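Visitor: Dropping a structure here in structure tokens format, bear with me for questions.
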Amino acid sequence: MPDRPLLLGAHCIDTGGIPMAARRAGRGGMQALQIFSAIPKFYNDKVSVKPDRIARFREALAEAGIDAAHVIVHAGYVLNCATPDAEKWERAAAALAKELERSTALGVGGVCFHPGAATDKDRDSAIARVGEAMRRALLAVPEGPTRLLIENTAGAGTTVGRTPDEVGAMLDALPAELRARAGYGLDTCHLYASGYDLTASRDNVTVVLDAFERAAGASPSFLHLNDSEGALGSNKDRHARIGRGAIGAEAFGWLLQDPRARGIPCLLETPQAVPEVAETDDTPDAWDVEDIALLRGLAEVRAA
């Protein structure tokens, strides 16, 4: 059986709309893409995606040569599906369901979200609330290609989803018939900020992946490839370019050489060389192109 391909990409700027994000990714030689389906600073619990936008996005993906299954939508940052506040939880749960609805209409492979924070410090109840929000979203959107994916957190404050056991418990809260439509992904900056030392050795990277796979019952469905401005265990979610932070380049090679990194979107969420572009400019970001080339080289370097 042939090896699964390495699918490198980035969260591309969507100035001019998400079709332009796809075109920038295509021009950058990417095989995967991450986007927002709506403005991430709002709940967007009543925002739908228009048919003409769907058609233009799919056309742009086809032109870029990117399979929609290799596209991840990142949910809004304001969602807190772990909150004990009933009103805020209801709105966050509704927003998560709407995010899944929009992403399913776009036909993408997954929508990832940050679980949120247990502001009352009751982590077990918070994890149960995240599981319930996921259950509601999956029932509200009963079919389609898009899976609902938990993203591990950097562990700041009372946020949940830092450990393998917490991620696994959220997934275990789902009924068996919905479980195949959910999963998780790993952010390297979040792992490092949470105290998982990816720099220690190749074996240590394997141990981390093994722990999440064992707890969640599956390997990750995406990777966010971000170096870290913060130190090990700092709980700071501050992304840096590959090899320009505390993690360093070598650990990314160890990660990408693991078979579990193949066949899933491996995405940069790192600083942009040109953060503001014209709506009609489909030029890929120079730093994204440079860092993807670096990652590709690191993935090809095998242990002696």
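Visitor: Out of Phe252, Ile13, Pro84, whose Cα points farthest toward the positive end of the dipole of the chain (charges: +1 Lys, Arg; -1 Asp, Glu; placed on Cβ)?
Guide: Result: Pro84.
Visitor: Also, I was wondering about something else. Could you name the aspartates and glutamates in cross-link range of Lys50, using Cα to Cα under 16 Å and dropping any fewer than eight places away on the same chain?
Guide: Glu59, Glu99, Glu101
Visitor: So what is the 222 nm mean residue ellipticity for the chain from helices alone, if each DSSP H run of at least 4 adds -39500 (n - 2.57) and you divide by all residues, rounding to the nearest 500 deg cm²/dmol? Could the numbers behind the result be given before it?
Guide: On the way: 9 runs with 115 residues, N = 304.
Calculated at 222 nm, the ellipticity per residue is -12000 deg cm²/dmol.
Visitor: Which cross-chain or sequence-distant (5 or more) residues have an amide H under 5 Å from the amide H of Arg147, H modelled 1.01 Å from N in plane?
Guide: Gly110, Val111
Visitor: Taking amide H positions as placed 1.01 Å from N in the peptide plane, with prolines and chain starts having none, which residues 5 or more places from Ala240, or on another chain, fall under 5 Å of its amide H?
Guide: It is Asp227, Ser228, Glu229, by chain and number.
Visitor: Could you please tell me the mean projected area of the C-alpha convex hull for segment 166-304, averaged over all directions and given in square nanometres to one decimal? Spell out each step's value before the answer.
Guide: Values: hull surface 39.5 nm².
Mean projected area of the Cα convex hull: 9.9 nm².
Visitor: For Cα Rg over 2.2 N^0.38 Å, the choices are (i) 0.94; (ii) 1.22; (iii) 1.08; which was calculated from the structure?
Guide: Comparing each candidate, only (i) matches the computed number.
Visitor: Another question, if that's okay. So how strong a dipole does segment 7-300 carry about its Cα centre when Lys and Arg Cβ are +1 and Asp and Glu Cβ are -1, to the nearest 20 debye? Don't jump to the answer; show the numbers that get you there.
Guide: On the way: 31 positive and 41 negative charges, 96 e Å.
Charge dipole, segment 7-300, about its Cα centre: 460 debye, nearest 20.
Visitor: Based on DSSP, what percent of beta bridges with both residues in the chain are antiparallel, to the nearest 5?
Guide: Numbers: 3 of 29 bridges.
Restricted to the chain, the bridges split so that about 10 percent are antiparallel.
Visitor: Of all the Cα-Cα pairs you can form in segment 97-188, what percent are over 24 Å apart? Can you show the working numbers first?
Guide: Details: 698 of 4186 pairs.
Of all Cα-Cα distances in segment 97-188, 17 percent exceed 24 Å.
Visitor: While we're looking at this one, here's another question. What ³J(HN,Hα) values, in whole Hz, does the Karplus curve 6.51 cos²θ - 1.76 cosθ + 1.60 give for segment 183-194 when θ = phi - 60°, with x put for Gly and Pro?
Guide: Each residue's phi maps through the Karplus curve to give x, 8, x, 10, 9, 5, 4, 5, 4, 5, 5, 7 Hz.
Visitor: Return the distance in nm (one decimal) between the two label points of a simple spin-label model at Asp120 and Val78, each offset 7 Å from Cα along Cα→Cβ.
Guide: 2.3 nm
Visitor: Antiparallel DSSP bridges in segment 102-184: what percent, to the nearest 5? Intermediate values should be presented prior to the final figure.
Guide: On the way: 1 of 8 bridges.
Roughly 10 percent of the beta bridges in segment 102-184 run antiparallel, per DSSP.
Visitor: Report the net charge of residues surrounding Trp254, where surrounding means a beta-carbon distance below 10 angstrom and charges are Lys +1, Arg +1, Asp -1, Glu -1.
Guide: Every neighbour counted, the sum reads -2.
Visitor: Mind ranking 259-268, 63-72, 290-299 by how tightly packed they are, going by the mean number of other C-beta atoms within 10 angstrom, highest first?
Guide: Details: 259-268: 21.9, 63-72: 19.7, 290-299: 17.6.
Result, highest mean Cβ count within 10 Å first: 259-268, 63-72, 290-299.
Visitor: Packing-wise, with mean Cβ within 10 Å as the measure, how do 282-289, 7-14 rank, highest first?
Guide: Details: 282-289: 18.8, 7-14: 22.9.
The peptides rank, most packed first, as 7-14, 282-289.
Visitor: Turning to a different aspect of this structure: What list of ³J(HN,Hα) values in whole Hz, one per residue of segment 93-107 in order, does the Karplus curve 6.51 cos²θ - 1.76 cosθ + 1.60 (θ = phi - 60°) give from phi, with Gly and Pro shown as x?
Guide: Using θ = phi - 60°, the values come out as 5, 5, 5, 5, 5, 5, 4, 5, 4, 5, 5, 5, 4, 6, x Hz.
Visitor: Okay, next question. Just need the Rg to Rh number for segment 195-258, please, alpha carbons only, Kirkwood Rh.
Guide: Details: Rg = 11.7 Å, Rh = 12.3 Å.
On the Cα set of segment 195-258, Rg over Rh gives 0.96.
Visitor: Let me ask something additional. Could you go through segment 26-40 in sequence order and give the Karplus-derived ³J(HN,Hα) for each residue, using 6.51 cos²θ - 1.76 cosθ + 1.60 with θ = phi - 60°, rounded to whole Hz, and x for Gly and Pro?
Guide: Values, residue by residue: x, 5, x, x, 7, 10, 9, 8, 10, 9, 9, 8, 7, 4, x Hz.
Visitor: Let me ask you something else. Would you mind pulling out the separation of the Cα centroids of segment 108-156 and segment 215-286, in Å?
Guide: What the calculation gives is 21 Å, centre to centre.
Visitor: Report the gain in length on full extension from Ala156 to Ala231: 0.36 nm times residue separation, minus Cα-Cα distance, nm rounded to one decimal.
Guide: Details: separation 75, 0.36 × 75 = 27.00 nm, distance 1.31 nm.
Stretched out fully, the Ala156 to Ala231 stretch lengthens by 25.7 nm.
Visitor: When the label point is put 7 Å from the Cα of Glu132 along its Cα-to-beta-carbon vector, which residues of segment 61-81 have a backbone N closer than 20 Å?
Guide: Only 79-81 pass the distance filter.
Visitor: Kirkwood Rh over alpha-carbon pairs of segment 31-166, then Stokes-Einstein at 20 °C and 1.002 mPa s: what D in µm² s⁻¹, rounded to an integer?
Guide: Details: Rh = 15.2 Å.
In µm²/s, the coefficient rounds to 141.
Coordinate-derived values only; no laboratory data. Note that the coordinates shown come from a computational prediction; the quantities given were computed from them, not determined experimentally. Glycine gets a Cβ as well: all are built from the backbone with ideal geometry, and neighbour counts include every protein chain shown.
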